[in-house]
Amino acid sequence: MSRTFHHRFTLPAKCSIALFALLAFWLFWQRMPVVALVVVMVVVMMMERVLHSSYTLTADRLLIDRGRFARRREIRLSDIVRCTPMTGVFGLSHYLLIEHGAGRLTTVQPSEEAAFMQEIKKRQERL
C-alpha cells in the first residue's frame, strides 16, 4: 500500500511568490510587457512546484514528484542511509536531508516530517 505526503507550503515560498507577482504587476504598469511575461512564467513555475509536489512511499521505493514540469525521481528504500531534519537560512524553513546510495543527497519538505520519517523507518524494517 502506498502513502502520499504533500509538500509543505512555507512562509518563504508564500513571500517569494507574492513578491514576484507584485514585480510582474509593476513591470506591466511600467509598460515592460516582455520582462513582465518572463516574471509571470517564473511565478507560474514556482506555484506549480509548490502546489503539485508530493512524496509517495510505495512498498520498496520513495517517489518524488516536484510538479508537472519536473521529472519524477525514484529512490529505493533500501538505498536510504540516513534521513536528517535540517533548518534553512535564519531558521525560516525546515526540510529533510535524505542520504542515499553512494553519498547522494536529496532534500524533501513533507508537511508532516515526523510521520514521514517514521513511515520510512517502518517500511525499511519490512524489507
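The values are calculated or read from the model by the stated rules, or taken from the named source; none is laboratory data. Small disclaimer: the values here were computed from a predicted structure and weren't measured. Because the Cβ atoms are built from the backbone with ideal geometry, glycine has one as well, and the counts that use them run over all protein chains shown. Ligands, DNA and RNA are stripped out before the accessible areas are found, and what is left, the full protein with its side chains, is counted by its heavy atoms. Shrake-Rupley method; radii C 1.70, N 1.55, O 1.52, S 1.80 Å.
Could you list the trypsin sites (Lys or Arg not before Pro) in the stretch 1-56 that lie in coil according to DSSP, counting only those with at most 10 other Cβ atoms within 10 Å of their Cβ? Answer by residue number: Arg31.
Computed from phi, the 3J(HN,Hα) profile of the stretch 112-120 under the Karplus parametrisation 6.51, -1.76, 1.60 (θ = phi - 60°) reads 10, 5, 5, 5, 5, 5, 5, 5, 5 Hz, with x in place of Gly and Pro. With R₀ fixed at 25 Å, the C-beta to C-beta distance from Val81 to Arg49 puts the FRET efficiency at about 0.45.
Using a ≥ b ≥ c from the Cα gyration tensor of the stretch 80-127 (square roots of the eigenvalues), is it rounded, prolate or oblate, where a/c under 1.5 gives rounded and otherwise the larger of a/b and b/c decides, a/b for prolate? It comes out oblate by the Cα gyration axes. The modelled label-to-label distance between Thr58 and Arg71, using points 7 Å beyond Cα along the C-beta direction, is 1.7 nm. Accessible surface of Asp60, taken over heavy atoms with a 1.4 Å probe and every protein chain present, rounds to 70 Å². Database remark: amide H of Gly67 closer than 5 angstrom to the amide H of Ser53, Ser54 (H placed geometrically; neighbours at sequence offset of 5 or more, or on other chains; Pro and chain starts carry no H). Cα axis of helix 33-51 to longest principal axis of the chain: angle in degrees, 0 to 90, nearest 10? The answer is roughly 20 degrees. For Rg/Rh (Cα atoms, Kirkwood Rh), which listed value, [x] 1.08; [y] 0.99; [z] 1.24, comes from the coordinates shown? Checking each listed value against the structure points to [x].
If you take the Cα centroid of the stretch 22-45 and the Cα centroid of the stretch 67-118, the two points sit 32 Å apart. Using a Förster radius of 25 Å, what is the FRET efficiency between Lys14 and Ala115 based on their Cβ-Cβ separation? Nearest 0.05, please. It comes out at approximately 0.65. Loop-resident chymotrypsin sites (Phe, Trp or Tyr not before Pro) (DSSP state other than H, G, I, E or B) in the stretch 6-106 with no more than 14 further Cβ atoms inside 10 Å of their Cβ: Phe9, Phe69.
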